[in-house]
Amino acid sequence: MNYSLRKLEGNSKDIIYNWRNMNSIRSNMYNDQPIPYETHCQWFENILQNQNELYRLFFYEENPIGLVSFKNTNSQSQTCVWGFYIGEKNSPKGSGTIMGSLALDYAFYSLNMMKVIGEVLSFNEISQQFHKKLGFVNKGLLQNNIIRNNEFIDVVSYEISKKQWEEQKKLLF
């Protein structure tokens, strides 16, 4: 397999900046406004130092093609909230599923989580289908959870346990 997750390094700052500002990615994030470079640089330096928010670059062969995050890590309840995207449009078909699989393995076997939570903007059908494909269970709707352009947006909450992932992984691969 030519895919891997790797720790962020300083030389990935600009590629992540470009991905974060792509319309296709920004439109599905909580904050959909363009990100100034100076703001991105501050954010990037903070995440390199922050042990409560972990970010991993997703590589195909030796090329970074995506990003995965693990936030709100709670060691007592062994839960975290994940986020992800493929930034390179010409990535091989199936890369998203492999990225999700590597990310869930990382959460459950390296971070020792027992549950991973996903939060999806209600209009993002592709991400909702992706969560279901990976075995996540819909846990409900967070109504009027964020506001953009003076409009409230609902967020769909998903979660998957380590045991559920172990069963679903057998069906995927």
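Against the definition (open to solvent by 20 Å² or more (accessible area, probe 1.4 Å) and at negative phi), how does Leu121 come out, yes or no? Judged against the criteria, Leu121 is not a match.
Considering region 5-35, and only residues there that are hydroxyl-bearing (Ser, Thr, Tyr) and under 15 Å from the mean Cα position of the chain (by Cα), the residue that is most open to solvent (accessible area, probe 1.4 Å) turns out to be Tyr30.
Any residue at all in region 53-63 that's open to solvent by 60 Å² or more (accessible area, probe 1.4 Å), touching a residue at least 24 places away in the same chain (Cβ under 8 Å), more than 24 Å from Asn138 (Cα to Cα) and part of a loop (DSSP other than H, G, I, E, B)? There is at least one residue in region 53-63 that is open to solvent by 60 Å² or more (accessible area, probe 1.4 Å), touching a residue at least 24 places away in the same chain (Cβ under 8 Å), more than 24 Å from Asn138 (Cα to Cα) and part of a loop (DSSP other than H, G, I, E, B). Restricting region 122-165 to residues that are in a strand (DSSP E or B) and aromatic (Phe, Trp, Tyr), the residue that is farthest from Ser95 (Cα to Cα) is Phe152.
Note down all Cβ pairs under 8 Å where the first residue falls in region 146-173 and is at positive phi and free of Cβ contacts under 8 Å to residues at least 12 places away in the same chain, the second is charged (D, E, K, R) and open to solvent by 100 Å² or more (accessible area, probe 1.4 Å), and they're at least six residues apart or on different chains. Short answer, once both residue conditions are applied: none. Tell me which residues, restricted to region 25-52, are outside any loop (DSSP other than H, G, I, E, B) and touching a residue at least 40 places away in the same chain (Cβ under 8 Å). Ile25, Leu48 - these are the residues of region 25-52 that are outside any loop (DSSP other than H, G, I, E, B) and touching a residue at least 40 places away in the same chain (Cβ under 8 Å). Going through (1) at pLDDT 95 or above; (2) of a type in the set (Ser, Thr, Tyr); (3) open to solvent by 60 Å² or more (accessible area, probe 1.4 Å) one by one, Ser75 falls short only on (1). Give the residue that is surrounded by the most Cβ atoms within 10 Å (Cβ to Cβ), with candidates limited to residues of region 78-97 that are part of a helix (DSSP H, G or I) and touching a residue at least 60 places away in the same chain (Cβ under 8 Å). Taking the candidates together, the pick is Ser95. The requirement of being in contact (Cβ under 8 Å) with a residue 24 or more places away in the chain, surrounded by 19 or more Cβ atoms within 10 Å (Cβ to Cβ), at positive phi and small (Gly, Ala, Ser) is fulfilled nowhere in region 98-109; no residue meets it. Looking at this structure, is Gly140 over 23 Å from Gly66 (Cβ atoms) and open to solvent by less than 40 Å² (accessible area, probe 1.4 Å)? Answer is yes for this residue.
The values are calculated or read from the model by the stated rules, or taken from the named source; none is laboratory data. Since we're looking at a predicted model, the values are computed, not measured. Using ideal geometry, Cβ is built from the backbone for each residue, glycine included, and neighbour counts are taken over all protein chains shown. Side chains are part of the model used for accessible areas, which takes the heavy atoms of the whole protein and leaves out ligands, DNA and RNA. Shrake-Rupley method; radii C 1.70, N 1.55, O 1.52, S 1.80 Å.
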